[in-house]
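Have a look at the structure below, then the notes.
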Amino acid sequence: MKSCDFQEESHDFFIDTGGNHSEEFIPSANTPKVQQNFVVGIKEKPFGKFRHRGKFPPKKFGGVRKQYQNKYPGPAPIDPESLEKHSRGPGIDVKGGKKSFHTARIKKKEIYYEFANEQAARTEILLKEDEGYIEPDEDEETAEYTQGEILDNVDITAATKGFDLKLDFGTYRLKYTRNGRHLLLGGRKGHIAALDWVRKKLSCETNVMEEISDVSWLHLETMFAVAQKQYVNIYDKNGTELHCVKRLFRINRMEFLPYHFLLSTVSDTGYLSWLDVSVGEVVANFHAKVGRIRSVCQNPYNALMCLAGSKGVVSMWAPSQPEPVAKLLCHACPLSAVAADATGLNLFTAGFDNNVKVWDLRQLSGPLHIYRTRATVQELAISQRGLMGFAMGNLVEIYKKPSALVSTTPYLRHRIDGFISGLQFCPYEDVLGVSTARGFTSLLVPGAGEPNFDAREANPFMSLSQRREHEVHALLEKIPMELISLEPNKIAEVDVPTLKDKLEAKRKMMLTKAPKIDFEPRRKAKGKGGSAQRAKNRQIVRDAKLREFKKDLRTAQKEIMKEHRDKEPADDFIPLEGKSKNVLDRFRPKKKQKKSE
């Protein structure tokens, strides 16, 4: 708003009359000259607090409010392919249900499943990365491509992930962390090295001057376990020895369960042990009775340990049971390697018959697929996207995810200078780590790793504060070892046999009769007591025990009746289906109310 002289300005003005534009102001002759200077406003678009809003009428500024029309009404459409990808199958048919309560419960659960399916399909837009494979020409095969050709055709960041380490203390074992950022190497002659292999930054390197059979990371990259000649030793990221577990003697293989904080070990003598690293105690120790154990792996679905025995049988173990929860006869010869995929649904076994078989762990059936190899496979590795790595001598062959449409020809093939002693795909990276008797080799395998990671589950770019928070949350959410079982979903179900036994015990308690009491008093010396006195003592003891039994029985029956007695409704309770009131209800006996103390 501006204050100016009306006669001197030539702009188009309007008089601010407080919203009344119908009356035009005309100065009269009686108007004093002093009052000819008045407040006017320039006819322009409103700004600031005078913008068109709900509390200002649209006609105040001479304009008409336009109605807002949404270009995209309703929720955004969902890709049918994404819905089909995340679908859990057709729902349960509730027709013919005996109880309306269970029918409504099933319908409600199906609504939750449908909502979860839609949400999972919608969030795919946030997954910007996608896996990729090598696409050969018409007359070519991907197995013909060498690592040199792959490194020449990728970007410089990916090319730095393929390298070789020449080491002199083999044979070596390797382990990646869960986020795929750190690498741990352990040589047979005592050499230990922990490094950030992406940045090529060494965390620690030492030689324990003792034979090493296996290495394993713990819950974070700050600690790792080393199976030395006699015992298992725990080290920090600087190479300082933190603990020596002497109860784990002559360990051959190790696996760490991250959600249970359990370090599972297998010894040369066939003993299977679980060490709780949060408290530093061995919680279970069993003899597997399967002969020499050549290979071991964990099932990510239910945290069971799968042991490859010398009789061709894979046995699955839980720390809460001294016997295997399941056994699967896989080969008619000793097993050389065993591995499970990331979903825990398929089991891969290799035997001395030069066969690799794929088994269904949900039904413990199979084999679903059989791969015939040139030689015995001594190491198996499965990637997050389902690629399979076979190590035969100094040759590595990689196959695509097993299915009915995939051919049995390898996806990639690479020959290494040295006997292969360790094989593992790096999580969230298209990298296959191979440890040999002469060092370590990192191979590029396009399409092996999961392209999108969950930062709350495994974050490759974790900061120091995030690592501390993750460790605290992991300890608070630690799963007890008693919950490890073949079917983890059965924990949420009703134990019907146990419930029936409890109900039967309560029924028997209500109908229990007094037992027959046999009591014979000891014979005293001659003249100290006769047969009449003994009969009297016998009857006294019987009556006392009978009274005690009846008292305990009466107490137990009262507790059962109190547990099943209907509770009195509250004052504000309105029954849905109550008895209709009658005129004669006033003659019924009223319940006595207990006096408040």
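So which residues in segment 221-241 are open to solvent by less than 40 Å² (accessible area, probe 1.4 Å) and not hydroxyl-bearing (Ser, Thr, Tyr)?
Going residue by residue through segment 221-241, those that are open to solvent by less than 40 Å² (accessible area, probe 1.4 Å) are 221-222, 224-228, 232-236, 239.
Within segment 221-241, GLU221, PHE224, ALA225, VAL226, ALA227, GLN228, VAL232, ASN233, ILE234, ASP236, GLY239 qualify.
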Of the numbered conditions (1) more than 30 Å from the chain's Cα centre (by Cα); (2) under 25 Å from GLU379 (Cα atoms); (3) surrounded by fewer than 21 Cβ atoms within 10 Å (Cβ to Cβ), ASP196 satisfies every one except a single condition; which is it? (1)
Strands (runs of 3 or more DSSP E) wholly in segment 242-309 with at least 3 residues that are surrounded by fewer than 19 Cβ atoms within 10 Å (Cβ to Cβ) - which ones? 281-287
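Could you tell me whether segment 476-486 includes any residue that is open to solvent by 90 Å² or more (accessible area, probe 1.4 Å), farther than 30 Å from ARG415 by Cα and part of a helix (DSSP H, G or I)? Give the steps one after another, and end with the answer.
Within segment 476-486, the first condition is being open to solvent by 90 Å² or more (accessible area, probe 1.4 Å), and the residues that meet it are 476-477, 482.
Filter again for farther than 30 Å from ARG415 by Cα, leaving 476-477, 482.
If we keep only those that are part of a helix (DSSP H, G or I) too, we end up with 476, 482.
Yes - at least one qualifying residue is present in segment 476-486.
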Can you tell me which residues in segment 328-384 are assigned to a strand (DSSP E or B) and polar (S, T, N, Q)? SER336, ASN346, THR349, ASN355, SER365
Can you give me the number of residues within segment 237-279 that are of a type outside the set (Phe, Trp, Tyr), within 22 Å of ILE192 (Cα to Cα) and free of Cβ contacts under 8 Å to residues at least 24 places away in the same chain? 7
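The values are calculated or read from the model by the stated rules, or taken from the named source; none is laboratory data. Because the structure is predicted, anything quoted here is derived from the model rather than measured. Backbone-built Cβ (ideal geometry, glycine too); neighbour counts: all protein chains shown. Heavy atoms of the whole protein, side chains included, go into the accessibility calculation; ligands, DNA and RNA do not. Shrake-Rupley method; radii C 1.70, N 1.55, O 1.52, S 1.80 Å.
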